[in-house]
Amino acid sequence: MMRKHTKEAVAVIVSLAVTITASAQNPFITNQFTADPSARVFGNRVYVFPSHDIQAPDGKNLRKDWFCMEDYHVFSSENLVDWTDHGVIVTQNKVSWVKRDSYAMWAPDAIERNGKYYFYFPATPKDSTIGRGFTIGVAIADKPEGPYIPEDRPIKGVRGIDPGVFIDKKDGQAYLYWSQGNLYGAKLKANMLELDSEVFTLKEFPTKGLKEGPYVFERNGIYYMTYPHVENNIERLEYATSDNPLGPFKFAGVIMDESPTGCWTNHQSIIQFKNQWYLFYHHNDLSPRFDKKRSVRVDSLFFNPDGTIKKVIPTLRGVGLTNALKEIQIDRYSHISGATVDFIDTVNTFGGWKTVFAKGGDWVQYNSVDFGSFKARTVTIRVKADANAVLQIGTKQNGIIAEAKLIKRSGWHDVEIPVKKAPKDVNDLVITLTTGKDVEVDWIKFK
Ligand code: FUB
């Protein structure tokens, strides 16, 4: 049953903005903090619906050391490299049932049914008769990027966070999953707005250690329940399988180990796009000292022949091809030896990273750079050289292609050097400091 649209809800439509952000590497959204990425394939694009972490504003009686989120953006891409930020789709104070200034718009999900797009989000209700703590509401749109019209009331019978929605292609039945201590699941009516069964507590999961973020997908008749779980100190991504969307499930393994730098949460979604499977997850790349400001990432995911999932090792390189004619951020490396990576500006981390070559022999490898049929004549290096040095650029496929003789000069500057042997198609770059010391590189770009 579609409910009447409030004036507040309609106001969300006018606040839509479109900006572009492009990144081929991890994290792949760098214009704001993003977490809990729910990725969906709609048509020929991937849409990512993340949480939007912000710094807790003053004067709102908010904990400064906790999650703080007031709205949601949606991002989309046709190649997982160039991402469009479609702007705010739902914001707390324009949803009639959400407690004003509660800043608790946690992990969402979205799905398409019969040409409508349903966006599920948890928040704190203003009406205490609905219940204390979190409940889950829905906003509906005709297009994945919105405008979304929030329903006037949350879904009856649901208490908790982290909605995950799944439609079984076998019979068209929709399911809603969520968490609150346990993982829960229930059937959804065809209107996608009301439960159509009792609430099932999914019991086959660890009783010790927090588990949340249930996300179900199906492949070859196997239903995969994926979820973050604190087995040790912080969350790792696990999964269980079943022949039924509501279980019983059987533990099947770990998809991703705990964050090596200690980000307490992780949160996943898994999609197949153009014949490749991908794991979307998050890490606190842009906020290494405060793990409640996170950034979304994507890496390729592979299955074993028996349907089990191969563990995903997080990468900085991420996925997709990098255009040789654009700035190649070599600090998102595939392999590294000796060289290190640091923020360009440790106060404003959104300025990105640089690669530091402290001594001769330091190198980084950056895979999958697409030259196509273009014949590169020069390569520009955004560099800082605190000493005379030689920086060599090569590819795994073509050997050495350029060599920059750097003269000691303070501050960032561009050095353009000839390409001796133009690579073709897709190459893996290797950048090596062969002579000298103390060179920093922001990016390189071919012309
Ligand atoms: O983003 C807030 C919470 O952190 C989510 O709801 C959880 O899944 C965890 O990622």
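The values are calculated or read from the model by the stated rules, or taken from the named source; none is laboratory data. No experiment lies behind these values; they were computed from the predicted model shown. Cβ placement follows ideal geometry from the backbone for every residue including glycine, while neighbour counts extend to all protein chains displayed. All accessible areas refer to the heavy atoms of the entire protein, side chains included, with ligands and DNA or RNA removed. Shrake-Rupley method; radii C 1.70, N 1.55, O 1.52, S 1.80 Å.
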query: What number of residues in segment 232-271 are hydrophobic (A, V, I, L, M, F, W, C) and within 16 Å of the ligand (Cβ to nearest atom)?
result: 7
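From the list Ile344, Ile336, exactly one residue is touching an Asp or Glu at 6+ places or on another chain (Cβ under 9 Å), closer than 24 Å to His52 by Cα and touching a residue at least 12 places away in the same chain (Cβ under 8 Å). Which is it?
Numbers: Ile336 fails: closer than 24 Å to His52 by Cα.
Exactly one residue qualifies, and that residue is Ile344.
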- prompt: Which residues, counting only those in segment 118-130, are away from the ligand (no atom under 16 Å from the Cβ), part of a loop (DSSP other than H, G, I, E, B) and touching a strand residue (DSSP E or B) at 6+ places or on another chain (Cβ under 9 Å)?
  reply: Lys126
Flag for Gly133 being open to solvent by 20 Å² or more (accessible area, probe 1.4 Å), in a loop (DSSP other than H, G, I, E, B), among the small types (Gly, Ala, Ser) and within 16 Å of the ligand (Cβ to nearest atom): yes
- prompt: What are the pairs, 6+ residues apart or on separate chains, where a residue within segment 257-278 that is assigned by TED's automatic domain parsing to the domain that holds Ala39 and within 18 Å of Lys310 (Cβ to Cβ) has its Cβ under 6 Å from a residue that is among the acidic types (Asp, Glu) and within 15 Å of the ligand (Cβ to nearest atom)?
  reply: Asn266/Glu235
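Identify, from the list Gly160, Gly209, Gly181, the residue that is within 16 Å of the ligand (Cβ to nearest atom) and modelled with pLDDT under 95.
Details: Gly160 fails: modelled with pLDDT under 95; Gly209 fails: modelled with pLDDT under 95.
Just a single option satisfies the conditions, and that option is Gly181.
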- prompt: Hey, any hits in segment 211-228 for a residue that's open to solvent by 10 Å² or more (accessible area, probe 1.4 Å), over 22 Å from Thr261 (Cβ atoms) and free of Cβ contacts under 8 Å to residues at least 12 places away in the same chain?
  reply: no
statement: Flagged in segment 250-276 as surrounded by fewer than 16 Cβ atoms within 10 Å (Cβ to Cβ) and part of a strand (DSSP E or B), in numbering order, are Lys250, Phe251, Gly253, Gln272, Gln276
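Look at segment 277-303 and say how many of its residues are assigned to a loop (DSSP other than H, G, I, E, B) and away from the ligand (no atom under 16 Å from the Cβ).
Going residue by residue through segment 277-303, those that are assigned to a loop (DSSP other than H, G, I, E, B) are 284-294, 302.
Filter once more, so that each one left must be away from the ligand (no atom under 16 Å from the Cβ): 288-289, 302.
So the answer is 3.
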- prompt: Can you name the condition, by its number, that Ala422 falls short on among (1) in a loop (DSSP other than H, G, I, E, B); (2) under 27 Å from Ile29 (Cα atoms); (3) in contact (Cβ under 8 Å) with a residue 24 or more places away in the chain?
  reply: (2)
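How do the strands (runs of 3 or more DSSP E) wholly within segment 45-117 filter down when requiring 2 or more residues that are of a type in the set (S, T, N, Q) and assigned by TED's automatic domain parsing to the domain that holds Arg289: which remain?
On the way: elements: 45-51, 71-77, 82-91, 109-113.
The strands (runs of 3 or more DSSP E) meeting that bar are 71-77, 82-91.
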query: Just one of the numbered conditions (1) open to solvent by 20 Å² or more (accessible area, probe 1.4 Å); (2) within 16 Å of the ligand (Cβ to nearest atom); (3) of a type in the set (D, E, K, R) is not true of Asp109; which one?
result: (1)
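Which one of these is in contact (Cβ under 8 Å) with a residue 12 or more places away in the chain and either acidic (Asp, Glu) or surrounded by 23 or more Cβ atoms within 10 Å (Cβ to Cβ) (or both): Asp306, Asp285? Spell out the reasoning first.
Working: Asp306 fails: in contact (Cβ under 8 Å) with a residue 12 or more places away in the chain.
Step by step, each of Asp306, Asp285 is checked, and only Asp285 is in contact (Cβ under 8 Å) with a residue 12 or more places away in the chain and either acidic (Asp, Glu) or surrounded by 23 or more Cβ atoms within 10 Å (Cβ to Cβ) (or both).
Quick check, is Ser295 closer than 19 Å to Tyr184 by Cβ, in contact (Cβ under 8 Å) with a residue 60 or more places away in the chain and buried (at least 22 other Cβ atoms within 10 Å of the Cβ)?
Working: closer than 19 Å to Tyr184 by Cβ: no; in contact (Cβ under 8 Å) with a residue 60 or more places away in the chain: yes; buried (at least 22 other Cβ atoms within 10 Å of the Cβ): yes.
When the stated conditions are applied, Ser295 does not pass them.
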message: List the residue pairs whose Cβ atoms are under 6 Å apart, where the first residue sits in segment 391-416 and is in the same structural domain as Arg377 (by TED's automatic domain parsing), the second is among the aliphatic types (A, V, I, L, M) and exposed (fewer than 14 other Cβ atoms within 10 Å of the Cβ), and the two are 6 or more positions apart or on different chains.
response: Lys408/Ala387
